[in-house]
Amino acid sequence: MAVLPALFGLLLATVVTGQNVDISPKEAVRRAGDDLVVLCKVPYPIDSCRMTVGGKSYRLIPSNQDEEVVYSGQGLQYGECGAHIKHIREEWNGNISCMLPPKSGSIEVTGAMRLLVARAPGNPQLVSSPQSTFKEGDDFMAQCIVPDGRPAAKITWYLDEVQLLAGVHQPIITSEPGSDLQTISQNVSRSLTADDNGKKLVCRAEHEALDGPKEAARQLVVHYPPKRLEAGPITIFGLKLGAEGRLNVSLRANPPPAAEWTLGDVVLAPPAADASRSAVALEPLHLGGGYYNITLVLTRVAKEDVDRTYYLRVTNDLGQEEFALRLSTMDEPAARKAKSSYLIIEVYGVELDTGAIVGIVIAVLLLLIAIFLVVFAKATDRWCFAGRSRDHTKSSGESTPAGDVLLESVVLPSKTSDTESAAGQKSRLSALTARVRAALPRGRDRVQAAAPAPDVEDNKALADDKKGVIYAELALGEQNAEKPPPPSTEYAEIVCTEQSPQMKENKE
């Protein structure tokens, strides 16, 4: 029966151990000689604080600050058990644990963190193909190995001073059995181009225990055929008749190229000159980085030289390139702007970029829209043209030199008030009808007005007799007593104006 309490106590100790302990940091990397503070904390007061560092147990007392490992924290009553390690030793690499016994009870709560005492790795090693030169398009692979570091080193690849990201493989970390030292290796692969020639491939290793990075490097030598720097025929400007002229062609090649000039039936391979020494071919001049300048010197430029086409053939072990050159006595035109990825259009000698083109298109569209709106408004009597129809209606009855009558039609808005009834509207229409009929001439007057005048004096007498008579007609339509009149009422105002004496004379 005594076995059961023992098993229960062991189980309880196992459950409690490592629980409810807040330890920071959980992992740290330090160099030998550095300091470190480790803090363990529980939410209740503790009786004491013990730390195990490098296999040795330390009982930490807040008042004792003279040892190499001393207490750190706010106090045992706050449940804090911290250790300040003043000088880390390399043999202390491993776990650091803390034991926090409570004020009452015999079960200690423990926690642990990982301390890595950094150890500098060995020198990086760059392993690659043993061949000294490569061709353009070859697949190149290299491996960088940084051995025996604690922890593993970090590898970064560079091509000259530019970091390589493409073609970099995942690193592999290994260690020897029974050793905590780690070796890291990483591969890089690349398809070589002409631009890689002469550049340095660098494997750079960085580590906490190093004062600065370590490097291993290899120079890349890439061979490629001659390559022109500009496409199409070449024109040499600025030559003067009767003076010396130089035909320069720049290109790149590796290995060094051989040149051959063709002048009609004459072929010159540098260094050489024609029979009359009027043309001299110079050796290719290396400018560095695989760039060469090939020159043909004309001792005296003649008119037939300007009309001739010169041919240059450049070869090396990997291929050849041919050039056609023409001469011109005109000055070289101003350098054109470098064309970038955006659109450039030249209009009458002026280059327009994308922003200018978009601005012009928007301005044209706005102008077209404005014209359309003006035409639409004028055709439909809208907006600023809305008053023209009313003015036209009003002026249709105005007096002119040929007449003296002004008719003004006014449409009054409908009133929804109950004070105005249909009877009132009908009475106003009847009164208006009576006024219009009173102003109309008699039937005989209409007949006399329609009859032709016998002579001039009779016409004058008739005009004097009918002076001031106004002819007007108002169609009201049929009125229904049962149906109320429409919501708006039409009124006609008849205005008689006097003619000026000048207008009367002009009329007579």
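Values as computed for the structure displayed
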{"read-out": "Surface per residue (accessible, 1.4 Å probe) for the stretch 211-271, Å²", "value": "52"}
{"read-out": "Options V222, P177, A259, ranked by Cα towards positive dipole end of the stretch 175-282, top entry (Cβ charges)", "value": "A259"}
{"read-out": "Solvent-accessible heavy-atom area per residue, rounded to whole Å², over the stretch 163-203 at 1.4 Å", "value": "57"}
{"read-out": "The stretch 212-225 - phi-based ³J(HN,Hα) in whole Hz, Karplus 6.51/-1.76/1.60, Gly and Pro as x", "value": "x, x, 10, 9, 9, 9, 8, 7, 9, 10, 10, 9, 7, x"}
{"read-out": "Viscosity 0.692 mPa s, temperature 37 °C, Stokes-Einstein D of the stretch 250-320 from Kirkwood C-alpha radius, µm²/s", "value": "255"}
{"read-out": "Packing rank of 187-193, 151-157, where each peptide gets the mean count of other beta carbons within 10 Å, highest leading", "value": "151-157, 187-193"}
{"read-out": "Gyration tensor verdict on the stretch 197-337 (Cα atoms; rounded if a/c is under 1.5, prolate if a/b is larger than b/c, oblate otherwise)", "value": "prolate"}
{"read-out": "Pairs from K200/K227; K26/K86; K86/K214; K26/K154; K227/K303; K26/K214 whose Cα-Cα separation, in the structure shown, is over 27 Å", "value": "K86/K214; K227/K303; K26/K214"}
{"read-out": "Where N is the number of residues in the stretch 120-228, Cα Rg divided by 2.2 N^0.38 Å", "value": "1.18"}
{"read-out": "Linear extension gain, Y311 paired with L241, 0.36 nm per residue minus alpha-carbon span", "value": "23.2 nm"}
{"read-out": "Efficiency of FRET from Cβ geometry, L318 and R277, R₀ 35 Å, rounded to 0.05", "value": "0.55"}
{"read-out": "Rounded Å value of the spacing that divides the Cα centres of the stretch 366-381 and the stretch 192-225", "value": "69"}
{"read-out": "Label-point separation, R326 to E91 (7 Å along Cα→Cβ), nm", "value": "8.8"}
{"read-out": "Spacing of the two label points (7 Å from each Cα toward its C-beta) at R218 and N187, in nm", "value": "1.3"}
{"read-out": "Most to least packed among 116-124, 25-33, 320-328 [average Cβ atoms within 10 Å]", "value": "116-124, 320-328, 25-33"}
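The values are calculated or read from the model by the stated rules, or taken from the named source; none is laboratory data. What you see is a predicted model; the values in this text were computed from it and never measured. Positions of Cβ are backbone-derived with ideal geometry, glycine not excepted, and every protein chain shown enters the neighbour counts. The protein model used for the area step is the full one, side chains on, heavy atoms only, and it has no ligands, DNA or RNA in it. Shrake-Rupley method; radii C 1.70, N 1.55, O 1.52, S 1.80 Å.
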